[in-house]
Amino acid sequence: MSFPWARQYEPTNGFMKFLDERLPLPRLVYNAVGAGYPVPRNLSYMWNFGVLAGFFLVAQIVTGVVLAMHYAANAEVAFGTVEHIMRDVNWGWLMRYAHANGASFFFIVVYIHIFRGFFYSSYKAPREMIWLLGVVIFLLMMATAFMGYVLPWGQMSFWGAKVITGLFGAIPLVGEPLQVWLLGGFAPDNAALNRFFSLHFLLPFVIAGVVILHIWALHIPGSSNPTGVEVKKESDTLPFHPYYTAKDGFGLGVILLFFAFMVFFLPNTLGHPDNYIEANPLATPAHIVPEWYFYPFYAILRAFTFDFILSAKLWGVLAMFAAILVWFFLPWLDRSPVRSGHYRPLFRKFFWFGLIPCMVVLFICGGAPAEEPFVMISQIATAYYFLHFLVILPIVSSIEKPEPLPYSITEAVLGEDEDATLGATAAAKA
Amino acid sequence: MIRIGGFLVGIGFTVVVLFSFIMGAYNFATEDKVGAPEYEFYKKPKDVAFAQDGAFGKWDLAQLQRGYQVYKEVCAACHGLQYVAFRDLAQLGYNEDEVKALAAEWINVPDIDPDTGEAIVRPGVPTDNFPSPYPNNVAAAAANNNAIPPDLSLMTKARGDGTAYVYSLLTGYGPIPEELTAKYPEFDTPDGLHFNEYFPNLNIAMAPPITTKDQVTYADGTEATISQMSQDVSAFLAWTAEPKMVERKQTGWVVMLFLLFATILAYFSKQQIWSAAKPKKTK
Ligand code: HEM
């Protein structure tokens, strides 16, 4: 679907005409990311991050496929094959550093993308399905990254795998058999390493499939925008190409500068030194931590330290999964008719002074050793996290009085809109 | 329904986590705080500069050659370098014949006798990796008071601030400071261990390997102080951990300059394209 004023594809030469009549691929591209896709004219740089996420997904697949050509998923040799890639394979060090840091950048851009969604309530009707698919993508990304980190078979690979799969052991009755079944043994070993490799290779293609659905769903209503006022007419939009291809191209250049800086000058900063020690089931590292992008959720997991009817460990596991699953319900928890945080004074305060500091604190505590005062701080932040989404957001959204919205995107950009008649602004708001 | 369910779930998690908080805070307030010498007296690695540091850093090949000499004459008795091959030494500035000669100095490379099939040792050739000093971990532990000397190939990447850490460790042996004994009278260095405030648990199983000036007679005539030998071998281990490091940073500059150019170009083309969409009065 698209807006009625969307331009139609016209093949410009004989070959394109031939192709378009038999397999309308050029038409598909034209309507999806070309001049045939009208987009709100006021999108900010916050709207670059979806395309950037797509770029990093492709980059991960390309570097990953090359690494897989030189890697062997066997506990005896896995660590050594990674060193072989670093030392002997032509440009192997570049492939590996790009893949490891690429995962971090993928998470950075997706986190920004998701928090953009929080601030502009992009999850609201009619975009619920885009949002739900997005959360599915995020869960798949987490699974993929976790299994990828196990593959080099260093100390953190091994002990991280052991701790995370050990969480399944907290499930009453079926927990332990389930854990053994998942690992193919009592502790991570060859069986686990092999299946993790197999799944780590598979899941990115599943993600790619869900991304296609995500973008398909996006093209029904089209993108939201910083005002949250829906597109009303042609002057509210610009064709995706060349306007947003140019803007996304510039954004890609900027993020690639940061990415290249990390890959070439600080390639191990986001990793853990212990992963350059080969896995040793007999030597437990002093602090077992996951990769940085899991810190907030790891902090929630560890915040439950005392049994309360259920075991503390089980509470931690439930809370950690719940922390992401609540995102699925956001479209129905936030009942405000206004989307953009720019017009929601109370919501905005809780976003900047509640949710953001809460995430920062959880991030710091997740990476810190499980000691006081970090545990107590993370407990307060965990409480706020759940209160924010499940209590504060529903209440704020029903009691707050939004600020006046512009009549249209055109009015927001040009300062006035001739179609806007007196009272129309108020009507649009209601 | 969703909002009521969500409300209950939210309150539920909050109550349970605050219960943990209260119990934890109570314990924290009432418990005696026992310090640990490993926390209070452990030192961060010393500040020491190396030629390969920084975005423009390059290997000091003479230093790497000296470091190799220290490794061979001192550390190799206990530590292997399993991921490094003799042919890699060509990167330290040795020519083909020199590499062959250096490899042949290692007379304990394990192999199989092609005629009898028996396990033998023979002199190294450039394609071999450095041999391990012990046939297996059991032998390594037996010879070292139950501690296994780790392989050093990746040591500087396997510790935070690794190159400085190795240097600090080698030069960090000494007596237990008086403040420590005053505060923790029961702290002691058991037999067979050695006090070193740069080692995370303060007692390390490695006897001080570099103890006297001129322990190594440098081929290039450099004065072999303890600090000099320690620095040289640390630099050498930075190279064994990542032989491609300097190549990586040099490639990085080319890539960054290209990206900067491309991004500036992209910025101006974006400005140009968007100038067509500058707000025009609709009237
Ligand atoms: C592989 C990861 C992902 C890719 C490749 C991707 C791709 C995209 C693209 C290209 C867009 C359109 C441009 C934009 O609005 O930024 C988009 C929009 C959107 N994405 Fe994602 N996305 C990913 C993950 C996620 C996740 C994890 C979420 C949320 C949990 C999410 C939520 C959304 C929403 C709500 C929109 C519509 C936003 C709007 O138009 O206001 N996406 N996505």
**Asked** Restricting attention to the stretch B:205-244, which residues are buried (at least 20 other Cβ atoms within 10 Å of the Cβ), among the hydrophobic types (A, V, I, L, M, F, W, C) and within 14 Å of chain A (Cβ to nearest Cβ)?
**Response** B:LEU237, B:ALA238, B:TRP239, B:ALA241
**Request:** State whether the residues of the stretch B:104-124 include one that is in contact with a helix residue (DSSP H, G or I) (Cβ under 9 Å, 6 or more places away or on another chain), assigned to a strand (DSSP E or B), open to solvent by 60 Å² or more (accessible area, probe 1.4 Å) and of a type outside the set (D, E, K, R).
**Result:** no
**Fill in**
Note on B:LEU257: of the conditions (1) open to solvent by less than 20 Å² (accessible area, probe 1.4 Å); (2) more than 9 Å from chain A (Cβ to nearest Cβ), unmet is (1)
**Request:** List every residue pair whose Cβ atoms sit under 8 Å apart, with the two residues 6 or more apart in sequence or on different chains, where the first one lies in the stretch B:9-36 and is at the interface with chain A (Cβ under 7 Å from one of its Cβ atoms) and the second, anywhere, is among the charged types (D, E, K, R) and surrounded by 13 or more Cβ atoms within 10 Å (Cβ to Cβ).
**Result:** B:GLY24/A:GLU372; B:PHE28/A:GLU372
**Asked** Checking B:GLN82 against (1) assigned to a loop (DSSP other than H, G, I, E, B); (2) closer than 21 Å to B:PRO123 by Cβ; (3) free of Cβ contacts under 8 Å to residues at least 60 places away in the same chain, which single condition isn't satisfied?
**Response** (3)
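Yes/no matrix, rows are residues, columns are (1) closer than 21 Å to A:PHE115 by Cα; (2) open to solvent by 50 Å² or more (accessible area, probe 1.4 Å); (3) within 11 Å of another protein chain (Cβ to nearest Cβ); (4) not polar (S, T, N, Q):
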| site | (1), (2), (3), (4) |
| --- | --- |
| A:PHE261 | no, yes, yes, yes |
| A:LEU266 | no, yes, yes, yes |
| A:ASN275 | no, no, yes, no |
| A:PRO281 | no, yes, no, yes |
**Complete:** Considering the stretch A:60-84, residues that are within 14 Å of chain B (Cβ to nearest Cβ) and among the small types (Gly, Ala, Ser), and then whichever is nearest to the ligand (Cβ to nearest atom), we arrive at A:ALA78
**Asked** Pick from A:LEU178, A:LEU183, A:LEU199: which is more than 11 Å from the ligand (Cβ to nearest atom) and open to solvent by less than 30 Å² (accessible area, probe 1.4 Å)?
**Response** A:LEU183
**Message:** If a residue must be more than 10 Å from the ligand (Cβ to nearest atom) and closer than 24 Å to A:LEU140 by Cβ, how many such residues does the stretch A:202-235 contain?
**Reply:** 8
**Fill in**
Residue count, the stretch A:37-59, condition open to solvent by less than 40 Å² (accessible area, probe 1.4 Å), of a type outside the set (Ser, Thr, Tyr) and within 11 Å of the ligand (Cβ to nearest atom), comes to 12
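Those residues that are within 14 Å of chain A (Cβ to nearest Cβ), of a type in the set (A, V, I, L, M) and closer than 18 Å to B:ASP232 by Cα, I need them from the stretch B:152-204; list them, please.
Within the stretch B:152-204, B:LEU152, B:LEU154, B:MET155, B:ALA164, B:VAL166 qualify.
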**Asked** Which members of the stretch A:119-146 meet the condition of being surrounded by 20 or more Cβ atoms within 10 Å (Cβ to Cβ), assigned to a helix (DSSP H, G or I) and more than 8 Å from the ligand (Cβ to nearest atom)?
**Response** A:PHE119, A:THR144, A:ALA145
**Asked** If you check B:ALA55, B:ALA51, which single one turns out to be touching a residue at least 40 places away in the same chain (Cβ under 8 Å), within 13 Å of another protein chain (Cβ to nearest Cβ) and surrounded by 12 or more Cβ atoms within 10 Å (Cβ to Cβ)?
**Response** B:ALA55
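The values are calculated or read from the model by the stated rules, or taken from the named source; none is laboratory data. Predicted, not measured: the structure shown is a model, and the values here were computed from it. We place every Cβ from the backbone using ideal geometry, glycine too, and count neighbours over all the protein chains shown. Ligands, DNA and RNA are stripped out before the accessible areas are found, and what is left, the full protein with its side chains, is counted by its heavy atoms. Shrake-Rupley method; radii C 1.70, N 1.55, O 1.52, S 1.80 Å.
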